[in-house]
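The values are calculated or read from the model by the stated rules, or taken from the named source; none is laboratory data. Because the structure is predicted, anything quoted here is derived from the model rather than measured. When we count neighbours, we look across all protein chains shown, and the Cβ atoms used for this are built from the backbone with ideal geometry, even at glycine. Side chains included, ligands, DNA and RNA excluded: accessible areas come from the protein's heavy atoms. Shrake-Rupley method; radii C 1.70, N 1.55, O 1.52, S 1.80 Å.
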Amino acid sequence: MTDTIDFAPLDALNAAMSGHDCDVVRADGTTIRLDVQQWIGAPDAADHALFLDRCTGPTLDVGCGAGRLAGALAARGGTALGIDVSPVAVRLAQERGATAVHGSIFDAVLDEGSWQYALLADGNVGIGGDPVRLLQRIRELMRPAGSVLVEVDAPGTGLAHERIRLRVRGQLTGAFAWSRVGADAIVDVAAAAGLHGCRLHSHGGRHVAELTRDGQA
């Protein structure tokens with residue numbers, strides 16, 4: 001089947017959140033199948049070890065998707081807010097009991113400056129293609145002693161800026177900016193955003209950087 005390039009990235013994301021297979025197509029033509037079932041499924045052991053078990057205060061889940069993390073935090077009685085640009089994702093998150101809103105992290109966010117934790121799971125540090133700008137924005141939303149939990153790629157990835165497309169059901173989106181940050185690059189990226197503490201955690205082949213302002217992660 002020949003791809004038709006008439007699909008907006010948000011439409012592709014909505015389709016993925018509805019359970020359709022979704023591929024990332026890189027500039028060189030290589031593809032990576034996104035783990036949509038993980039996004040819409042229940043939290044796994046790595047989610048608990050790397051994110052949920054570390055959140056003991058108000059938590060902002062950035063790019064919350066179908067709400068597997070925000071929903072789990074709400075189920076145990078915690079204060080959590082999910083935010084996502086996909087209305088389908090927000091609806092699914094709300095259906096599983098999460099408090100979630102439709103919007104961009106770069107617009108006004110509820111309770112700015114009061115969040116103890118912020119989550120960037122599933123590669124969401126790539127949002128907008130500028131990890132420093134993204135982390136600077138999240139830093140504005142956090143308490144001074146807050147922590148940002150950022151899922152990063154394996155060591156050796158470095159920092160990669162790229163233009164990618166999404167393919168869903170034979171439809172290909174236009175190219176848009178994305179970034180990948182490896183465990184070996186997150187310290188410098190975080191420092192450029194004013195987050196000088198970084199502690200790395202790993203579980204089940206996944207890696208998370210815990211970032212703070214003062215070097216005391």
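Brief remarks follow.
- Evaluation of residue 194 against (1) open to solvent by 10 Å² or more (accessible area, probe 1.4 Å); (2) in contact with a Ser or Thr (Cβ under 8 Å, 6 or more places away or on another chain); (3) in a loop (DSSP other than H, G, I, E, B) (one fails), failing number: (2)
- Restricting the first member to the range 8-34 and to residues that are touching a residue at least 12 places away in the same chain (Cβ under 8 Å) and farther than 27 Å from residue 93 by Cβ, and the second to residues that are among the charged types (D, E, K, R) and in a strand (DSSP E or B), the beta-carbon pairs closer than 9 Å and six or more apart or on different chains are 26/162; 26/163; 26/165; 27/162; 27/163; 27/165; 31/23; 31/167.
- Meets criteria (among the hydroxyl-bearing types (Ser, Thr, Tyr), touching a Leu at 6+ places or on another chain (Cβ under 6 Å) and closer than 26 Å to residue 9 by Cβ) for residue 86: yes
- Hits in the range 168-211 (condition: modelled with pLDDT of 95 or more, among the charged types (D, E, K, R) and over 13 Å from residue 125 (Cα atoms)): 184, 188, 199, 206
- Flag for residue 174 being over 20 Å from residue 85 (Cβ atoms), surrounded by fewer than 20 Cβ atoms within 10 Å (Cβ to Cβ) and of a type outside the set (Val, Ile, Thr): no
- Qualifying residue in the range 18-38 (condition: among the hydroxyl-bearing types (Ser, Thr, Tyr), surrounded by fewer than 20 Cβ atoms within 10 Å (Cβ to Cβ) and in a strand (DSSP E or B)): yes
- Filter result (more than 10 Å from residue 149 (Cα to Cα) and among the hydrophobic types (A, V, I, L, M, F, W, C)) within the range 199-217: 217
- Subset of the range 39-71 (residues that are within 21 Å of residue 20 (Cα to Cα), without any contact (Cβ under 8 Å) to a residue 60 or more places away in the chain and not in a loop (DSSP other than H, G, I, E, B)): 40, 68, 69
- Taken together, the residues in the range 104-158 that are open to solvent by less than 60 Å² (accessible area, probe 1.4 Å) and in a strand (DSSP E or B) amount to 15.
- Residues of the range 197-217 classified as surrounded by 16 or more Cβ atoms within 10 Å (Cβ to Cβ) and not in a strand (DSSP E or B), total: 2
- The set of residues from the range 146-188 being touching a residue at least 24 places away in the same chain (Cβ under 8 Å), out of contact with any helix residue (DSSP H, G or I) (no Cβ under 7 Å at 6 or more places or on another chain) and among the aliphatic types (A, V, I, L, M) comprises 154, 164, 172, 175, 183, 185, 186.
- Against the conditions (1) open to solvent by less than 50 Å² (accessible area, probe 1.4 Å); (2) modelled with pLDDT of 95 or more; (3) more than 20 Å from residue 142 (Cβ to Cβ); (4) in a helix (DSSP H, G or I), residue 91 satisfies every one except (1).
- Positions within the range 73-97 being more than 16 Å from the chain's Cα centre (by Cα) and small (Gly, Ala, Ser), in sequence order: 74, 75, 77, 78, 97
- Check on residue 83, aliphatic (A, V, I, L, M) and surrounded by fewer than 20 Cβ atoms within 10 Å (Cβ to Cβ): no
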